[in-house]
Amino acid sequence: MNLHEYQSKKLFADYGIPVPQGIVADSAEAAVAAAEALGGELWVVKAQVHAGGRGKAGGVKLAKTLDAVREAAAGMLGQQLVTPQTDAAGLPINQVYVESGSNIDRELYLSMVVNRDSRRVAFIVSADGGMDIEEVAHKTPERITTIDIAPEVGLADYQIREMAYGLELDKAQQKAFAKVARALYKMFVDIDASQVEINPLITTGEGEIKALDAKINIEDNALFRQRDIETLRDLCQEDEAEARAAEHDLNYVSLDGDIACMVNGAGLAMATMDVINVYGGEPANFLDVGGGATAERVAEAFKLILSNDKVKAILVNIFGGIVRCDLIADGIITAVKEVGVEVPVVVRLEGTNVEQGRARLSDSGLDIISATDLTDAAKKAVAAAA
């Protein structure tokens, strides 16, 4: 689950991480009122979307007058922002964040992620922050420092010094950075974050360190213990189909192909997608209906995958271990009748009561293509889509 910048900065402030003052607004007039409340002679108007690369896409504007604030907000609100991290349709801008201008001396990069290789939380820092951090990673990776944190020890002083050295901070800035790093690590653990990014982390002309930007991702599987943070979810920033899937406990990810997949089990779903690729097809989605699939959940899954108008065939690949194949067959029959499926449906069943399941599909009178194994199913799905 992603948070908006203004939500992330509120969390930063709660943990004592310095951020510029800012106010969120949902209209041009509210943006002007925010700038007046903040005071000063320089403001930054930022589109609030769940995507990076806003600056280069026109989603961040400097304003030196209240009229410029109004113009910047009016030009963003109600529009779709397309960045390198969105699809061609972009994301809707329903709010802007009006922030006091900062006296920027240097732009640095700081992030925290879960390092899957080391199975530890890691800090990533670079003295070369800003909009071109991807170029830094590509062209001068030696300018990036990665520090893994042992969970049984926590963030150590020597690791803070190593990061400060990589950021090329002076002695006074190192002391301020140590407070930021410790607060950031505590926050990351407390809120079950999967990623925190500050780009840029700035040093100011006054010698301060501030988080000029803020991005926080929360681990979805930990939301059950982060109920307050879960209320911050902005569904209009998420893929509509993926949001609908979450409501029915379905694990769904939209893809670019035309063969919809409905599988029980994440590993089997990945294998199904791989085999489709092997035989020349492209999966339209990843969809795991779970080990306890019911007729109702199968029906919802069909509705979900058919909401994608690119789908030309559906491949159902179910291994009946926890749930019986005859019950899955009943769910498929019910779903096809209820939803009114108009594209070919290829079904491969295996496991408990598989013969009864296949018999029910065969006797249903529906145009369902039966497959004997995964290879056979993939070949038939690719042929049907073609």
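Here is a list of conditions, (1) under 30 Å from residue 238 (Cα atoms); (2) charged (D, E, K, R); (3) crowded, with 19+ Cβ neighbours inside 10 Å, and residue 119 meets all of them except one; can you say which number that is?
That leaves (3) as the condition not met.
Quick check on residue 51: is it small (Gly, Ala, Ser), under 26 Å from the mean Cα position of the chain (by Cα) and not assigned by TED's automatic domain parsing to the domain that holds residue 195?
For residue 51, the condition - small (Gly, Ala, Ser), under 26 Å from the mean Cα position of the chain (by Cα) and not assigned by TED's automatic domain parsing to the domain that holds residue 195 - is met.
Residues of segment 54-101 being among the aliphatic types (A, V, I, L, M) and either surrounded by 19 or more Cβ atoms within 10 Å (Cβ to Cβ) or assigned by TED's automatic domain parsing to the domain that holds residue 256 (or both), which ones?
60, 63, 69, 72, 73, 76, 77, 81, 91, 93, 96, 98
Kindly indicate whether residue 288 is without any contact (Cβ under 8 Å) to a residue 60 or more places away in the chain, among the acidic types (Asp, Glu) and buried (at least 20 other Cβ atoms within 10 Å of the Cβ).
For residue 288, the condition - without any contact (Cβ under 8 Å) to a residue 60 or more places away in the chain, among the acidic types (Asp, Glu) and buried (at least 20 other Cβ atoms within 10 Å of the Cβ) - is met.
Give just the number: which of (1) modelled with pLDDT of 90 or more; (2) within 20 Å of residue 265 (Cβ to Cβ) does residue 318 not satisfy?
Condition (1) is where residue 318 drops out.
In this structure, does residue 332 turn out to be in contact (Cβ under 8 Å) with a residue 40 or more places away in the chain, assigned by TED's automatic domain parsing to the domain that holds residue 269 and among the β-branched types (Val, Ile, Thr)?
Values: in contact (Cβ under 8 Å) with a residue 40 or more places away in the chain: no; assigned by TED's automatic domain parsing to the domain that holds residue 269: yes; among the β-branched types (Val, Ile, Thr): yes.
No, not satisfied.
Just to be sure, is residue 321 touching a Gly at 6+ places or on another chain (Cβ under 6 Å), exposed (fewer than 15 other Cβ atoms within 10 Å of the Cβ) and assigned by TED's automatic domain parsing to the domain that holds residue 259?
yes
Just one of (1) assigned to a loop (DSSP other than H, G, I, E, B); (2) in contact with a Gly (Cβ under 7 Å, 6 or more places away or on another chain) trips up residue 44, so point out which.
That leaves (1) as the condition not met.
Run residue 162 past the list (1) buried (at least 19 other Cβ atoms within 10 Å of the Cβ); (2) among the acidic types (Asp, Glu); (3) not in a loop (DSSP other than H, G, I, E, B) and report the number of the one that doesn't hold.
Residue 162 satisfies every listed condition except (1).
Among the listed residues 299, 313, 269, 295, which satisfies the condition of being in contact with an Asp or Glu (Cβ under 6 Å, 6 or more places away or on another chain), modelled with pLDDT of 90 or more and either aromatic (Phe, Trp, Tyr) or within 22 Å of residue 242 (Cα to Cα) (or both)?
269
Every residue, every condition in (1) surrounded by fewer than 21 Cβ atoms within 10 Å (Cβ to Cβ); (2) closer than 30 Å to residue 100 by Cα; (3) modelled with pLDDT under 90, yes or no:
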{"site": "221", "(1), (2), (3)": "yes, no, yes"}
{"site": "236", "(1), (2), (3)": "yes, yes, yes"}
{"site": "242", "(1), (2), (3)": "yes, no, yes"}
{"site": "252", "(1), (2), (3)": "no, no, yes"}
{"site": "282", "(1), (2), (3)": "yes, no, no"}
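The values are calculated or read from the model by the stated rules, or taken from the named source; none is laboratory data. Every value quoted in this text rests on a predicted model; they were computed, and no experiment measured them. No Cβ is skipped: glycine too gets one built from the backbone with ideal geometry, and neighbour counts run over all protein chains shown.
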